[in-house]
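Participant: This structure is in structure tokens; I'll ask about it shortly.
The values are calculated or read from the model by the stated rules, or taken from the named source; none is laboratory data. The structure displayed is predicted, hence computed values, not measured ones. When we count neighbours, we look across all protein chains shown, and the Cβ atoms used for this are built from the backbone with ideal geometry, even at glycine.
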Amino acid sequence: MDRVKQLDLASLSVREVNQFLHHGLAGSGIEQIDIVNPDGVHSIAAGLDGDFDVDIRGHAGYYIAGMNKRARVTIHGNVGWSVAENIMSGSVRVKGHASECAGASGHGGLVVIEGDASSRCGISMKGCDIVVGGSVGHFSAFMGQAGTLVVCGDAGPHLGDSLYEATIYVRGDIQSFGADAQQEDMQAEDGDTVSRLLAVAAIDGDPNQFKRVASARRLYHWNAAVPQEY
Amino acid sequence: MIDCMGTRGSDSAGLAVFHEPLDAAHRRFSLYVSDRHYDWQTFRDDFVLAADNDSEFHTVHNHATVICDLDVASFKSWLSGSRPEVRLLSVGRSIGVYKDEGHPRDIAQRFGFADLKGTHAVGHTRMATESAVSPAHAHPFTAGEDFCLVHNGSLSNPHSVRRKLEKKGITFETDNDAEAGCRFLEWRLSEGDSLDSALEMAFRELDGFYTFLMATADTLVLVRDGFACKPAVVAETDAYVAVGSEFRSLAHLPAIEDANVFEPAPEQIYSWTV
């Protein structure tokens with residue numbers, strides 16, 4: 001029995017592909033699924049739950065590998081909005097660039113964007129780890145609650161706006177910080193975290209070159225004494 | 001591309017095609033009428049009689065194109081006086097516009113988009129959110145000569161922009177927010193601004209979410225609002241530039257695998273000259 005199966009989106013619908021990934025793998029002995037001709041369509045490999053590899057060969061659309069559990073999904077191209085949104089575990093790797101909201105609301109697992117990620121990368125992240133080989137756009141890690149965002153390039157405006165307990169590490173320039181985000185000194189454990197995440201992401205880098213960004217926690221409590229204008 | 005993007009907007013669609021420019025004396029007028037069985041022959045006969053010129057006519061369904069050397073003001077005056085039911089969609093030496101209600105695929109077939117020829121084109125598929133579904137509310141919007149705009153998003157201050165422009169004598173045809181953006185930019189161009197400086201002013205004056213794709217007789221221009229709330233993807237090759245809301249609509253273009261595919265940054269002006 002073949003361990004590898006190819007699914008062609010030129011002849012199958014996304015629903016057919018995803019139904020196979022959800023229900024057709026049990027007991028089949030298939031360990032790797034190659035999906036060809038993605039051509040920018042949405043929701044490929046969304047909602048997976050299993051110990052197998054999925055390779056998407058080409059540029060894909062929105063919501064790729066959303067809600068992923070345990071599976072290892074690799075996109076050999078660019079992706080549209082919200083790749084790996086709400087990822088629970090496993091890993092999602094984008095060999096090209098990712099559009100907005102990569103890893104949005106992710107609870108666990110690893111998201112690797114080898115190229116650039118656009119704005120709002122890691123928005124509302126809740127415990128996943130995101131490693132971006134290139135740069136991230138504006139409002140990245142907005143309202144990040146837990147987890148780690150590692151950016152090997154530059155960060156756009158308003159990095160970490162309204163940040164909770166997610167931690168951000170940036171190697172390059174930070175255009176501006178969002179409300180309540182601040183740069184902090186790198187401690188030994190920060191270097192260890194960056195080292196570990198770069199290693200699992202298989203991206204080269206010297207942890208000593210990174211800056212730590214975290215919440216100043218000034219927004220945690222309402223301060224009625226500060227004049228507010230709405 | 002229009003067929004593919006029908007999944008994003010399926011209530012109406014439109015296309016502006018920029019043809020090889022006419023000589024300085026001639027204009028191309030694109031006309032539309034809601035009556036799908038309109039008597040274009042009588043329209044033509046009356047127009048030739050009144051204008052006494054060597055006009056060229058093309059009709060397709062409820063659209064017509066008139067190419068003639070009548071000046072724009074005289075044409076508009078004749079149209080509003082003699083054929084008030086006919087709407088002028090566009091005027092210029094290059095631009096031709098088609099727009100209608102229905103699924104984008106059907107509209108593309110109805111008007112033979114696949115057979116149109118030109119240097120560049122701007123298309124739009126619409127899912128109405130802020131104003132009515134009608135051919136007049138469909139995009140592209142035009143203003144002045146050889147200028148059009150399509151919009152993905154919603155402006156939050158179209159009415160104040162409109163009031164400001166109406167005080168300057170600029171008239172509107174619909175209550176659509178994209179028309180406000182279109183007329184604002186054309187107003188700046190007519191005041192002598194370059195497209196870049198017109199857009200810098202638009203970044204300050206227009207509030208809301210937008211990706212605008214605009215065209216003049218020789219230029220294609222793309223901008224996104226400061227928050228980049230609405231998508232856009234660009235594919236550049238040696239042979240062509242294509243812009244779409246999603247890569248899906250570009251995926252089947254020739255040699256797309258060799259194209260430089262990128263997402264435009266917020267509040268950055270991207271322009272390409274034909």
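Participant: Looking only at segment B:182-232, filter to residues that are farther than 14 Å from B:Ala143 by Cα, surrounded by 19 or more Cβ atoms within 10 Å (Cβ to Cβ) and of a type in the set (Val, Ile, Thr); which one of those is nearest to the other protein chains (Cβ to nearest Cβ)?
Facilitator: Filtering segment B:182-232 for residues that are farther than 14 Å from B:Ala143 by Cα, surrounded by 19 or more Cβ atoms within 10 Å (Cβ to Cβ) and of a type in the set (Val, Ile, Thr), the one nearest to the other protein chains (Cβ to nearest Cβ) comes out as B:Thr211.
Participant: Now, a different point. I'd like the residue in segment B:246-262 that is facing chain A (nearest Cβ under 9 Å) and among the charged types (D, E, K, R) and, out of all such residues, is surrounded by the fewest Cβ atoms within 10 Å (Cβ to Cβ).
Facilitator: Out of the qualifying residues, it is B:Glu257.
Participant: Any residue that is polar (S, T, N, Q), crowded, with 21+ Cβ neighbours inside 10 Å and either in contact with a strand residue (DSSP E or B) (Cβ under 6 Å, 6 or more places away or on another chain) or touching a residue at least 40 places away in the same chain (Cβ under 8 Å) (or both) - is there at least one of those in segment B:48-63? Please lay out each step first, then the result.
Facilitator: Quick first cut of segment B:48-63, residues polar (S, T, N, Q) only: B:53, B:55, B:59, B:62.
Retained after the next criterion (residues that are crowded, with 21+ Cβ neighbours inside 10 Å): none.
No, segment B:48-63 contains no residue that is polar (S, T, N, Q), crowded, with 21+ Cβ neighbours inside 10 Å and either in contact with a strand residue (DSSP E or B) (Cβ under 6 Å, 6 or more places away or on another chain) or touching a residue at least 40 places away in the same chain (Cβ under 8 Å) (or both).
Participant: Do we find that B:Val241 is surrounded by fewer than 18 Cβ atoms within 10 Å (Cβ to Cβ) and modelled with pLDDT of 95 or more in this structure? First the steps, then the outcome.
Facilitator: On the way: surrounded by fewer than 18 Cβ atoms within 10 Å (Cβ to Cβ): yes; modelled with pLDDT of 95 or more: yes.
Against the criterion (surrounded by fewer than 18 Cβ atoms within 10 Å (Cβ to Cβ) and modelled with pLDDT of 95 or more), B:Val241 qualifies.
Here's the yes/no breakdown for (1) under 20 Å from A:Gly127 (Cβ atoms); (2) surrounded by fewer than 16 Cβ atoms within 10 Å (Cβ to Cβ):
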| residue | (1), (2) |
| --- | --- |
| A:Pro157 | no, no |
| A:Asp161 | yes, no |
| A:Leu197 | yes, no |
| A:Lys211 | no, no |
| A:His221 | no, yes |
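Participant: Let me ask something additional. Being assigned to a loop (DSSP other than H, G, I, E, B), at pLDDT 95 or above, in contact with a helix residue (DSSP H, G or I) (Cβ under 6 Å, 6 or more places away or on another chain) and crowded, with 21+ Cβ neighbours inside 10 Å is true for just one of A:Gly66, A:Gly61. Which residue is that? Show your work before the answer.
Facilitator: Details: A:Gly66 fails: in contact with a helix residue (DSSP H, G or I) (Cβ under 6 Å, 6 or more places away or on another chain).
The match here is A:Gly61.
Participant: Any idea which residue in segment A:49-69 is farthest from the chain's Cα centre (by Cα), counting only those that are within 14 Å of chain B (Cβ to nearest Cβ) and among the β-branched types (Val, Ile, Thr)? Even if it seems obvious, please write down each step before you answer.
Facilitator: Start the filter on segment A:49-69 by keeping residues that are within 14 Å of chain B (Cβ to nearest Cβ), which leaves A:56-64.
Next cut, among the β-branched types (Val, Ile, Thr) only: A:56, A:64.
On the way: A:Ile56: 16, A:Ile64: 11 Å.
Out of the qualifying residues, it is A:Ile56.
Participant: Search segment A:6-48 for residues being surrounded by fewer than 18 Cβ atoms within 10 Å (Cβ to Cβ) and part of a strand (DSSP E or B), and hand back the single one that is farthest from the other protein chains (Cβ to nearest Cβ).
Facilitator: Among those residues, the one meeting the criterion is A:Gln32.
Participant: Within segment B:238-246, is even one residue β-branched (Val, Ile, Thr) and more than 20 Å from B:Ser94 (Cβ to Cβ)?
Facilitator: So in segment B:238-246, the residues β-branched (Val, Ile, Thr) come out as B:241, B:243.
Filter again for more than 20 Å from B:Ser94 (Cβ to Cβ), leaving none.
Scanning segment B:238-246 turns up no residue that is β-branched (Val, Ile, Thr) and more than 20 Å from B:Ser94 (Cβ to Cβ).
Participant: Restrict the check to segment A:189-197 and report whether at least one residue is touching an Asp or Glu at 6+ places or on another chain (Cβ under 8 Å) and among the basic types (Lys, Arg). Step through it out loud before you land on a result.
Facilitator: Looking only at segment A:189-197, we keep the residues that are touching an Asp or Glu at 6+ places or on another chain (Cβ under 8 Å), and these are A:197.
Going one step further and asking which of them are among the basic types (Lys, Arg), we end up with none.
No - not one qualifying residue is present in segment A:189-197.
Participant: What do you reckon, is B:Ala265 assigned to a loop (DSSP other than H, G, I, E, B), of a type in the set (A, V, I, L, M, F, W, C), within 11 Å of chain A (Cβ to nearest Cβ) and crowded, with 19+ Cβ neighbours inside 10 Å? Let's see the steps before the verdict.
Facilitator: On the way: assigned to a loop (DSSP other than H, G, I, E, B): yes; of a type in the set (A, V, I, L, M, F, W, C): yes; within 11 Å of chain A (Cβ to nearest Cβ): yes; crowded, with 19+ Cβ neighbours inside 10 Å: no.
The answer is no for B:Ala265.
Participant: How about segment A:90-106: which of its residues are surrounded by fewer than 23 Cβ atoms within 10 Å (Cβ to Cβ), within 27 Å of A:Ile30 (Cβ to Cβ) and either within 11 Å of chain B (Cβ to nearest Cβ) or in contact with a Cys (Cβ under 9 Å, 6 or more places away or on another chain) (or both)?
Facilitator: A:Gly96
Participant: Looking at this structure, is B:Phe227 among the aromatic types (Phe, Trp, Tyr) and modelled with pLDDT under 95?
Facilitator: Numbers: among the aromatic types (Phe, Trp, Tyr): yes; modelled with pLDDT under 95: yes.
So B:Phe227 passes the test.
Participant: Can we say B:Gly92 is surrounded by 15 or more Cβ atoms within 10 Å (Cβ to Cβ), touching a Leu at 6+ places or on another chain (Cβ under 9 Å) and touching a residue at least 12 places away in the same chain (Cβ under 8 Å)?
Facilitator: On the way: surrounded by 15 or more Cβ atoms within 10 Å (Cβ to Cβ): yes; touching a Leu at 6+ places or on another chain (Cβ under 9 Å): yes; touching a residue at least 12 places away in the same chain (Cβ under 8 Å): yes.
Here the answer is yes, as B:Gly92 does meet what is asked.
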